[in-house]
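Notes follow once the structure below has been shown.
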Amino acid sequence: MNLFADVAARVTTALEALKSDGGLPADLAFPAFDAEPPRDATHGDVAVNAAMVLAKSAKMKPRDIAEALKAKLEAAPDVAKVEVAGPGFLNITFKNNVWQDLIRTILREGSAYGASSLGQAGKLNVEYVSANPTGPMHVGHCRGAVFGDALANLLVFAGYDVTREYYINDAGGQVNVLARSAFLRYREALGEDIGAIPEGLYPGEYLKPVGAALAAEHGHALINMPEERWLPIVRSFAIAKMLEMIKDDLAALNITHEVFFSEASLTSGGQDKVKAAIDVLRQKGLIYEGTLEKPKGHDDDEWEDRVQTLFKSTAFGDDEDRALQKSDGSYTYFAGDVAYHYDKLQRGFRHLINVFGADHVGYIPRMKAAVAALSDGNADLDIKVVNLVRLFKAGEPYKMSKRAGTFVTLREVVDEVGRDPVRYMMLYRKNQETLDFDFAKVTEQSKDNPVFYVQYAHARSASVLRNAAAQVPGLNVSPEALEKADLSILSDSGEIDLVKRLAGFPKLIEGAATAHEPHRIAFYLYDLASALHTQWTRGNDSPHLRFIQSNDGVATSARLALIYATKTVIKSGLEILGVEAPDAMR
């Protein structure tokens, strides 16, 4: 049940009736309008701007349309009143039975409450992390990983058929550097004193086990081989080991991908998918041979003052055309990305989401242009950028041990504070904002720690249900039994406020899924937890408001129904974020 969608449907029905009655032009089209909670709760339960949206096309005053709508809407038996405010807003206030029915709906639907058919089972690809397979995940990857995973969870809940994908950058110079670094550790494992790690190679100790594994498998066989023979052997071996490490690091955050797509596969096995993608663009008249001006303010590795194969990305909103092939015939890095996204399209995806780090912002226009060109505008690509993470402890910059040699690893952060604080706090800021992660704050047990505060709300709810069953003999606290409770006694302002917050969950899901913003769930859960904790505290001050009334089974059952519904929504939200919903906390 989506209360706000229901109100929007009622308003549309009323508008159709007004057209039939002659109150509105018969050929009037209805543009989208909003039905949402009013900014001021004293103004009612739902605010509707339909009259203002329609006024211009109807050639009528907004208040006249609003008054006509008011007459239609206030006749509903569950509506307490409808008021016209300002230039033409409609403020609708419901009777309490609406909130009582909502509780029963949540108890009946359980974990399905708030789930949406918005996606209509459409195939959607979320590509995230996609770090070079040259070392362990670092704290920057951590934020992108959590964001992408939570976004995928959200989109599944909103009705999409989601594939979680990791693009392995296993082609190019960085994996050759990895191979040479691993070969050095291989020589070390065989007893050679390798001295200091040369400049340009990866210095992290994480490659020591790789070197040891190479030595165990190949013995001294690689030592006497020329580089052109051992390099592909060591490269393939090291990439596989790095992927094992990456998957293990991600598993610490309970993150898995259905697809790991190899960049190298685009031009291996006798095929050239990069050429195929360029040929598709050529057939569309979007490829030409020419030169590009040197980028202003910085050097560009893909720029050269020679004729190259160029893509007309400016035809799709980019600020300049982009090189796909250099003058020597080699492909640019961008060409590989074009081919990769063409492969996604060929696999049937029409909804694509990429999660980028802040250092890739400039890459967004060309990727959007490529997808628009390859799909003839029939596919959409959204690129979400996650900003930097700054580490603190008790407000001071915090540096941990650097097993990787040059950065703080994801695993070190998870091992320090646990999976749940990491996941929740990585989502408790908008993705495009810099995030300050304080190790002391995320482990303290206080209202200032959002993950504790929300998890405690779930645990408190579970505790109330356990205690009620123990204190009130014969009380059945199952959702089936609580659905039959007399909910008419739920009239306290705090109780009604809590139900109204639960009513907003389905709308929140659709809004967050449409905007691709899982942080909205984290914010919502904190507010919902705050409302629950507030009502608990009110019960301490006013015993008649306590959730458990040991001498009044009717009142207890009604309040437990509300508690169970709240617990259900908190759990659903936490599951989207990938955070545990504990029944007890130590």
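The values are calculated or read from the model by the stated rules, or taken from the named source; none is laboratory data. None of the values given here were measured: they were computed from a predicted structure. Cβ: placed from backbone, ideal geometry, glycine included. Neighbour counts: every protein chain shown.
Of note:
- Residue within the range 285-293 that is out of contact with any strand residue (DSSP E or B) (no Cβ under 8 Å at 6 or more places or on another chain), exposed (fewer than 13 other Cβ atoms within 10 Å of the Cβ) and farther than 16 Å from GLU165 by Cα present: yes
For every residue, the table says whether it meets (1) surrounded by fewer than 20 Cβ atoms within 10 Å (Cβ to Cβ); (2) among the hydrophobic types (A, V, I, L, M, F, W, C); (3) over 28 Å from HIS257 (Cβ atoms).
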| position | (1), (2), (3) |
| --- | --- |
| ILE168 | no, yes, no |
| GLN174 | yes, no, no |
| ALA213 | yes, yes, no |
| ILE223 | yes, yes, yes |
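- So GLY148, is it in contact (Cβ under 8 Å) with a residue 12 or more places away in the chain, at negative phi, among the small types (Gly, Ala, Ser) and buried (at least 23 other Cβ atoms within 10 Å of the Cβ): yes
Okay, residues lined up against (1) surrounded by fewer than 18 Cβ atoms within 10 Å (Cβ to Cβ); (2) farther than 20 Å from ASN2 by Cβ; (3) not polar (S, T, N, Q):
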{"residue": "LEU24", "(1), (2), (3)": "no, yes, yes"}
{"residue": "ASP27", "(1), (2), (3)": "yes, yes, yes"}
{"residue": "GLY44", "(1), (2), (3)": "no, no, yes"}
{"residue": "ALA55", "(1), (2), (3)": "no, yes, yes"}
{"residue": "ALA71", "(1), (2), (3)": "yes, yes, yes"}
{"residue": "ALA76", "(1), (2), (3)": "yes, no, yes"}
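- All helices (runs of 4 or more DSSP H) inside the range 1-100 with 3 or more residues being of a type in the set (S, T, N, Q) and not assigned by TED's automatic domain parsing to the domain that holds LEU487: 3-21
- Scanning the range 349-384 for residues being among the aliphatic types (A, V, I, L, M), farther than 16 Å from TYR160 by Cα and at pLDDT 95 or above gives a total of 10.
- Restricting GLN549, GLN535 to those that are touching a helix residue (DSSP H, G or I) at 6+ places or on another chain (Cβ under 6 Å) and modelled with pLDDT under 95 reduces the list to GLN549.
- A search for C-beta distances below 7 Å between a residue of the range 106-117 that is farther than 13 Å from PHE157 by Cβ and not assigned by TED's automatic domain parsing to the domain that holds ALA152 and any residue that is buried (at least 20 other Cβ atoms within 10 Å of the Cβ) and not aromatic (Phe, Trp, Tyr), counting only pairs 6+ apart in sequence or on different chains, returns ILE106/LEU502; ILE106/ALA565; ILE106/THR568; ILE106/VAL569; LEU107/LEU482; LEU107/ALA561; LEU107/ALA565; GLY110/THR568.
- When the range 497-510 is filtered for residues that are in a helix (DSSP H, G or I) and crowded, with 17+ Cβ neighbours inside 10 Å, the ones remaining, listed by number, are LEU498, VAL499, LYS500, ARG501, LEU502, ALA503, PHE505, PRO506, LYS507, LEU508, ILE509, GLU510.
- Filter result (among the hydrophobic types (A, V, I, L, M, F, W, C) and within 18 Å of the chain's Cα centre (by Cα)) within the range 334-360: LEU352, ILE353, VAL355, PHE356, ALA358
- Residue match in the range 253-261 (condition: β-branched (Val, Ile, Thr), in contact (Cβ under 8 Å) with a residue 24 or more places away in the chain and surrounded by 17 or more Cβ atoms within 10 Å (Cβ to Cβ)): yes
- Any hit, the range 228-239, residues being crowded, with 18+ Cβ neighbours inside 10 Å, of a type in the set (Val, Ile, Thr) and in contact with a strand residue (DSSP E or B) (Cβ under 9 Å, 6 or more places away or on another chain): yes
- Enumeration of residues in the range 411-450 that are closer than 20 Å to ALA251 by Cβ and over 17 Å from the mean Cα position of the chain (by Cα): ARG411, GLU412, VAL413, VAL414, ASP415, GLU416, VAL417, GLY418
- Residue list for the range 284-300, restricted to those being modelled with pLDDT under 90 and closer than 23 Å to VAL371 by Cβ: LEU292, PRO295, ASP300
- Restricting ILE563, ILE570, ILE521 to residues that are part of a helix (DSSP H, G or I), surrounded by 22 or more Cβ atoms within 10 Å (Cβ to Cβ), touching a His at 6+ places or on another chain (Cβ under 8 Å) and at pLDDT 95 or above narrows the list to ILE570.
One line per residue, one yes/no per condition, for (1) in contact (Cβ under 8 Å) with a residue 24 or more places away in the chain; (2) surrounded by 14 or more Cβ atoms within 10 Å (Cβ to Cβ); (3) assigned to a helix (DSSP H, G or I); (4) out of contact with any His (no Cβ under 7 Å at 6 or more places or on another chain):
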position: LEU281; (1), (2), (3), (4): yes, yes, yes, yes
position: ALA339; (1), (2), (3), (4): yes, yes, yes, yes
position: PHE349; (1), (2), (3), (4): yes, yes, no, yes
position: ILE364; (1), (2), (3), (4): no, yes, yes, yes
position: ASP382; (1), (2), (3), (4): yes, yes, no, no
